[in-house]
Amino acid sequence: LATIAQGQDITERKKAEEALRKSEQTYRTLVETAQEGIGITDFNENVVFANQAFADMLGYKNEELLGINLSQISDKEVFASFREETQKRQRGEPSQYEAKLFTKTGESKYFSISASPISDDQGTIMGTMGLFTDITQRKRMENAIITKERIARERARLLTDLRSLDQTDQILTRACET
């Protein structure tokens, strides 16, 4: 009777698996707890991933946002700009831009977007990963400042016109007195 045994040291493989598990957990925690919205779209502009922050910004449940096409949460002009930006991603180019999106309730929100190509394990570009920062309040303040500046310019123009009218009135009064 003979027994044959073969052993293999799997210590290194176990260490590598544990390191991978920790790394995945770190990235999962980072994405799930980020204050910035994180979204991934395919080349047809369909949302294939969204973190909770992005879903919250738009008033959706996370599972409702998945599969939505960006044309459903943007107007035609913004969607056309998304298509142009996606062409950059297909060439491997990142970019930064601003866009207006609609929440689930139809409210307009403005975002600063930092977009980068996302690739599979073979390096083939599969879509876009975007980081979304809600800049709605900043845009509202900018618009308020622009409106106030326009009103101030109009007031200044009216005052100039009034002074001119007053001067004309004074000239006419003197002319009539003589």
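Below are the figures for this structure:
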quantity: Every residue from the range 30-55 that is in contact (Cβ under 8 Å) with a residue 12 or more places away in the chain and open to solvent by 70 Å² or more (accessible area, probe 1.4 Å); calculated: E32, Q35, E36, N44, V48, F49, Q52
quantity: Some residue of the range 132-140 being surrounded by 11 or more Cβ atoms within 10 Å (Cβ to Cβ) and among the hydroxyl-bearing types (S, T, Y); calculated: yes
quantity: Tabulated pairs, the range 105-123, first part of a loop (DSSP other than H, G, I, E, B), second open to solvent by 50 Å² or more (accessible area, probe 1.4 Å), C-beta under 6 angstrom, 6+ apart or interchain; calculated: D120/M126
quantity: Out of K109, K100, K76, K104, sole residue that is out of contact with any helix residue (DSSP H, G or I) (no Cβ under 8 Å at 6 or more places or on another chain) and modelled with pLDDT of 95 or more; calculated: K76
quantity: Meets criteria (touching a helix residue (DSSP H, G or I) at 6+ places or on another chain (Cβ under 9 Å), acidic (D, E), open to solvent by less than 70 Å² (accessible area, probe 1.4 Å) and under 30 Å from S74 (Cα atoms)) for D120; calculated: no
quantity: Search result, residues across the range 124-178 that are in a strand (DSSP E or B), small (G, A, S) and either over 30 Å from F102 (Cβ atoms) or touching a Phe, Trp or Tyr at 6+ places or on another chain (Cβ under 8 Å) (or both); calculated: G127
quantity: Every residue from the range 66-104 that is of a type in the set (V, I, T) and part of a helix (DSSP H, G or I); calculated: V78, T86
quantity: Number of positions in the range 94-117 that are open to solvent by 60 Å² or more (accessible area, probe 1.4 Å) and under 19 Å from Q72 (Cα atoms); calculated: 5
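Here's the yes/no breakdown for (1) within 17 Å of L131 (Cβ to Cβ); (2) of a type in the set (S, T, N, Q):
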{"site": "N51", "(1), (2)": "yes, yes"}
{"site": "A55", "(1), (2)": "yes, no"}
{"site": "G59", "(1), (2)": "no, no"}
{"site": "L65", "(1), (2)": "yes, no"}
{"site": "D75", "(1), (2)": "no, no"}
{"site": "E84", "(1), (2)": "no, no"}
{"site": "Q87", "(1), (2)": "no, yes"}
{"site": "P94", "(1), (2)": "yes, no"}
{"site": "F102", "(1), (2)": "no, no"}
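The values are calculated or read from the model by the stated rules, or taken from the named source; none is laboratory data. Just so you know, these numbers come straight off a predicted model, no measurement behind them. In this analysis, Cβ positions are derived from the backbone assuming ideal geometry, glycine residues included, and neighbour counts consider all displayed protein chains. Note: accessible area is taken over every heavy atom of the protein model, side chains too, but ligands, DNA and RNA are not part of it. Shrake-Rupley method; radii C 1.70, N 1.55, O 1.52, S 1.80 Å.
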